[in-house]
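The next block holds one structure in the form of structure tokens; read it before the comments.
The values are calculated or read from the model by the stated rules, or taken from the named source; none is laboratory data. All values reported here derive from a predicted model rather than from experimental measurement. Cβ placement follows ideal geometry from the backbone for every residue including glycine, while neighbour counts extend to all protein chains displayed.
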Ligand SMILES: Cc1cc2nc3c(=O)[nH]c(=O)nc-3n(C[C@H](O)[C@H](O)[C@H](O)COP(=O)(O)OP(=O)(O)OC[C@H]3O[C@@H](n4cnc5c(N)ncnc54)[C@H](O)[C@@H]3O)c2cc1C
């Protein structure tokens, strides 16, 4: 019997009554439809990197789409009028970073800044994943979904998806109000993603659009660099911050074949570099540690990562004016479309007394008292 603990990055969660892994598009729809028609709790899972499951048994159905194909319908089309757009379609079960690696390998610009984000293509559009100056909404052309309410497939355009900061129409379909789950659908959306079509650009260069990344690359913000270099820099920066998932999880029986084997190997080498070998300096150290992993010696990373758990709050100008001077501030847009200021959740948490890598030594009440000067 499979448990959520085996298929989520946090590594917790109880046994699953029915774990289904369809291999065809029709199979995915049938599995969802069968659960819905019997009113069984349904969870469609991707890489399990944004799910915190209860330790109680899940008395319902968990569906994991095993379709991972990536196709490039435009590949043979002639370039007309200098248009560099290339459409790429990926099935929902495709590992997200496999997809990024594939696009970078083909010389397609648009998703290189999203390197190293755990999860699948299907879930990428649910919360509009983002990092290092890019988010997925900028390249999504359309999404094919199964609508659990209307019981038919639909093609949703970028505009239909109502993308926002870490949100979309898919995510909001799970809630009746903020943080209030919609009983019919939660913990999965009304619209189940079957595949995503991206519009990327044929270009070996991409724009460095995040200050920290520019610093790591030793260039000015806005510089144009090879997309492979941007991808490598993102993986490097993420590795240094502990923001890569533990790729050894793909060796667990329940996770096998969910990510391309060559990429699992490369990802393990990356994390060994950062976790044990102090950066890029020691090739011998990396080789020895990867060899130890191959020998299946006990080698435990911080596997149960919560990752990028907190959203950076977007404040009105009036609220932002009350922030301490040294609090980070970025231009942003509020949900009603007006101008806002985004600050850093990590900064707020740190300054509330919860420093990185420390267990809680103050109570939430004490923390909220420490925060009051900002509200
Ligand atoms: C170490 C770490 C680092 C991270 N860094 C970032 C980051 O930089 N930026 C960022 O944006 N996020 C980040 N995240 C969060 C996470 O990677 C994303 O939310 C990711 O999109 C989750 O994908 P998943 O396949 O693992 O989704 P899951 O955890 O499996 O599912 C999440 C939700 O999506 C739904 N879902 C899954 N598949 C489908 C589908 N086919 N159709 C409809 N709904 C579906 C599920 O039902 C669930 O509600 C990080 C997480 C970790 C652990």
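Residue count for the range 13-48, restricted to those that are assigned to a strand (DSSP E or B) and touching a helix residue (DSSP H, G or I) at 6+ places or on another chain (Cβ under 6 Å): 2. Scanning for something touching a strand residue (DSSP E or B) at 6+ places or on another chain (Cβ under 6 Å), in contact (Cβ under 8 Å) with a residue 12 or more places away in the chain and assigned to a loop (DSSP other than H, G, I, E, B), does the range 53-63 turn up at least one residue? Yes: one or more hits.
Annotation note: of 86, 126, 62, 145, the sole residue that is within 15 Å of the chain's Cα centre (by Cα) and surrounded by 15 or more Cβ atoms within 10 Å (Cβ to Cβ) is 126. When each of 217, 225 is tested for being touching a helix residue (DSSP H, G or I) at 6+ places or on another chain (Cβ under 6 Å), farther than 30 Å from residue 58 by Cα and either surrounded by 19 or more Cβ atoms within 10 Å (Cβ to Cβ) or outside the structural domain of residue 136 (by TED's automatic domain parsing) (or both), the lone residue that passes is 217. With a requirement of 1 or more residues that are modelled with pLDDT under 90, more than 15 Å from the ligand (Cβ to nearest atom) and surrounded by 11 or more Cβ atoms within 10 Å (Cβ to Cβ), the helices (runs of 4 or more DSSP H) lying completely within the range 246-333 that satisfy it span 261-275, 283-294.
Being closer than 26 Å to residue 211 by Cα, at pLDDT 70 or above and crowded, with 16+ Cβ neighbours inside 10 Å, is that true of even one residue in the range 354-366?
Checked against the condition, which is being closer than 26 Å to residue 211 by Cα, at pLDDT 70 or above and crowded, with 16+ Cβ neighbours inside 10 Å, the range 354-366 yields at least one hit.
Out of everything in the range 13-43 that is touching a residue at least 60 places away in the same chain (Cβ under 8 Å) and more than 13 Å from the ligand (Cβ to nearest atom), what residue ends up being surrounded by the fewest Cβ atoms within 10 Å (Cβ to Cβ)? Ranking the candidates gives 33 first.
Can you name the residue in the range 1-12 that is over 15 Å from residue 65 (Cα atoms) and not in a loop (DSSP other than H, G, I, E, B) and is also nearest to the ligand (Cβ to nearest atom) among such residues? By that ranking, first place goes to 4.
Within the range 89-98, the set of residues being in contact with a helix residue (DSSP H, G or I) (Cβ under 6 Å, 6 or more places away or on another chain) and surrounded by fewer than 23 Cβ atoms within 10 Å (Cβ to Cβ) comprises just one member, 98.
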